[in-house]
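Report on the following structure.
The values are calculated or read from the model by the stated rules, or taken from the named source; none is laboratory data. Owing to the predicted nature of the structure, the values given are computational and were not obtained by experimental measurement. Because the Cβ atoms are built from the backbone with ideal geometry, glycine has one as well, and the counts that use them run over all protein chains shown.
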Amino acid sequence: MTVVKADDLALTFQTNDGPVHALADVNLTVEKGDFVSFIGPSGCGKTTFLRCIAGLETPTGGSLTVNGMTPDEARRSRAYGYVFQAAGLYPWRTIAGNVRLPLEIMGYSRAEMAERIARVLELVELSGFEKKYPWQLSGGMQQRASIARALAFDADILLMDEPFGALDEIVRDHLNEQLLKLWARTEKTICFVTHSIPEAVYLSTRIVVMSPRPGRITDVIESPLPRERPLDIRDSTQFLEVAHRVREGLRAGHAYDQ
Amino acid sequence: MGLVIAALVLWGAGWMMNMAIAASPRRTTLAARVAVPVIFGITVLVMWELLVRGLGVSPIILPAPSAIAGAFAEQTHTLWLDFRQTVLKGALSGFFIGCAAAFAAALAIDRVPFLQRGLLPIGNFVAALPIIGVAPIMVGWFGFDWESKAAVVVVMVFFPMLINTVQGLADTTAMQRDLMKTYSAGYWQSLFKLRLPAALPFIFNGLKISTTLALIGAIVAEYFGSPTHGMGFRISTEVGRLGLDMVWAEITAAAIAGTCFYGVVALIERGLTFWHPSQRSG
């Protein structure tokens, strides 16, 4: 089943310095259960594309459907959970309170809220931190809480915009591993923006390589790696081959003489 | 002369004591933190008493603290009546009406951007009106009793409260607003779950500024006509009768009332915005 389908998608921002072509000729389909990473240098439109899928930006050309609907309809039917670059937890709410936020807005019953909060906090290994405030936790824990918040309601799609970009490598490895387990357990479709090649290769079933000016897709790589991935798979030849191809794609799309 | 020397000696002693406490290793204990201002206050009061007596200062220029305390104790009933008239009726009702009206106006301005260009300049204009000019007009409109004082207070607190609330409601990040959008939250849900909590530190700034403005407004407005009680009325008539000890007793009562008023608002703020970096400890 196709979850995201983009045909000749384009988005041009009108600025005072003339039009900026954030996205041009983007063609992509994401199937249910895929883990798709978007990688590219800054300005390649990877975040913009994710925001288009979320209905936070409106494309200026081509067509884009999410679950067969327009992105805005999908947003209003609460089709996805979105994880931002920063955790963005509300400091006046506890961890449990932050996870409860979308549930309150969507009108879940009290009992169901409690059940879901307990379940997703267990999923991201934050059980026991319900009553803590975000500013009492480390950056990695805050980001895990924000993932729990995105998982709390029944969205089949998880959109993640460089969620681990601000974290150190050790925490990042750990969270990547947890994310794969979580993906296996929940069978969600994940779109993941990153600028880290190892992260993209380790996580994804498909890697979308993008390049800037205008933002466009230069390569789509189907990962030959198995779904079950221990951390040391990153030393296998297969992994290195994929990483190499991603690097080549980035180099071809990105003019370094600029 | 002896009393003046005693005052200077006392000043030296008080100074030395506070220096000693400030330098001692136990300076962070609660007892030390309470003792320092208490010693300072007592030193100032006793010095005041000794100097006024020693130098024979006229009670019209500066009454001794004992005379002020005497007037305070003797006239408690009058002070209570004045307090009820000025603080409880004039200042507090004006404060609540003014702050509530400003809050509602801020919500309206926030909802309808058109009003932002229309209402804010008017609010600014009203805030620039001198209280000396507004008070007689309000007395003319609302009569001599507390209603006109409350009206002056409303005019005084409206603008600072409005500006702070408008600014507070705008104090959310793009990411926080996007998050609400991904949940497809409505206007009221965003307001109650995101924007009002985020605005609380600003709202409390407005409220705290308004507490002092309310008291000033209610007292000063009584200079322009009032029934025969009220703190401003008492101050202006006692000055005329050279009853300066009573003037000082009223000032003391006003200072205590103002401090308590501010303190209560600050305590509520602490309870509600404990999460804000300015309030949280460690």
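Odds and ends about this structure:
- Unmet criterion (only one of (1) surrounded by 16 or more Cβ atoms within 10 Å (Cβ to Cβ); (2) in contact with a Cys (Cβ under 9 Å, 6 or more places away or on another chain)) for A:THR58: (1)
- Residue in segment B:128-136 that is assigned by TED's automatic domain parsing to the domain that holds B:TRP248, under 22 Å from B:MET231 (Cβ atoms), in contact with a helix residue (DSSP H, G or I) (Cβ under 6 Å, 6 or more places away or on another chain) and surrounded by fewer than 16 Cβ atoms within 10 Å (Cβ to Cβ) present: yes
- Test: B:ASP171 is at pLDDT below 90, crowded, with 17+ Cβ neighbours inside 10 Å, under 30 Å from A:ILE105 (Cβ atoms) and not aliphatic (A, V, I, L, M): no
- Residue match in segment B:169-191 (condition: under 25 Å from B:CYS260 (Cα atoms), within 14 Å of chain A (Cβ to nearest Cβ) and touching a Leu at 6+ places or on another chain (Cβ under 7 Å)): no
- Number of the condition not met by A:PHE13 [criteria: (1) closer than 24 Å to A:GLY165 by Cβ; (2) out of contact with any Leu (no Cβ under 8 Å at 6 or more places or on another chain); (3) in contact (Cβ under 8 Å) with a residue 24 or more places away in the chain; (4) not β-branched (Val, Ile, Thr)]: (3)
- Residue among A:GLY62, A:GLY140, A:GLY55, A:GLY68 that alone is more than 12 Å from every other protein chain (Cβ to nearest Cβ), at pLDDT below 90 and in contact with a helix residue (DSSP H, G or I) (Cβ under 7 Å, 6 or more places away or on another chain): A:GLY140
- Flag: B:ILE68 does not match the condition of being exposed (fewer than 12 other Cβ atoms within 10 Å of the Cβ), closer than 14 Å to B:MET246 by Cα, in contact with a helix residue (DSSP H, G or I) (Cβ under 9 Å, 6 or more places away or on another chain) and of a type in the set (Val, Ile, Thr).
- Within this structure, B:ILE209 passes the test of being within 23 Å of B:GLY94 (Cα to Cα), in contact with a Pro (Cβ under 8 Å, 6 or more places away or on another chain) and more than 10 Å from every other protein chain (Cβ to nearest Cβ).
- Residue under evaluation B:ALA185, criteria (1) part of a helix (DSSP H, G or I); (2) under 30 Å from A:ASP154 (Cβ atoms), criterion not met: (1)
- Single unsatisfied condition, A:GLU125 versus (1) in a loop (DSSP other than H, G, I, E, B); (2) more than 24 Å from B:LEU196 (Cα to Cα); (3) within 10 Å of chain B (Cβ to nearest Cβ): (3)
- Residue match in segment B:229-246 (condition: more than 14 Å from every other protein chain (Cβ to nearest Cβ), out of contact with any strand residue (DSSP E or B) (no Cβ under 7 Å at 6 or more places or on another chain), over 30 Å from B:VAL134 (Cβ atoms) and in a helix (DSSP H, G or I)): yes
- Taken over segment A:71-104, the criterion of being in a helix (DSSP H, G or I) and modelled with pLDDT under 90 is satisfied by A:PRO71, A:ASP72, A:GLU73, A:ALA74, A:ARG75, A:ARG76.
Results for (1) of a type in the set (Phe, Trp, Tyr); (2) touching a Lys or Arg at 6+ places or on another chain (Cβ under 8 Å); (3) modelled with pLDDT under 90, shown as yes or no for each residue.
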position: B:GLY2; (1), (2), (3): no, no, yes
position: B:ILE21; (1), (2), (3): no, yes, yes
position: B:ILE68; (1), (2), (3): no, no, no
position: B:ASP82; (1), (2), (3): no, yes, no
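- Output for segment A:171-190, where each listed residue is surrounded by fewer than 18 Cβ atoms within 10 Å (Cβ to Cβ), touching a Gly at 6+ places or on another chain (Cβ under 9 Å) and outside any loop (DSSP other than H, G, I, E, B): A:VAL171, A:HIS174
- Count of residues meeting criterion [free of Cβ contacts under 8 Å to residues at least 24 places away in the same chain, surrounded by fewer than 17 Cβ atoms within 10 Å (Cβ to Cβ) and not in a helix (DSSP H, G or I)] in segment B:253-278: 2
- Test: residue in segment A:96-113 that is without any contact (Cβ under 8 Å) to a residue 24 or more places away in the chain, within 10 Å of chain B (Cβ to nearest Cβ), surrounded by 20 or more Cβ atoms within 10 Å (Cβ to Cβ) and not small (Gly, Ala, Ser): no
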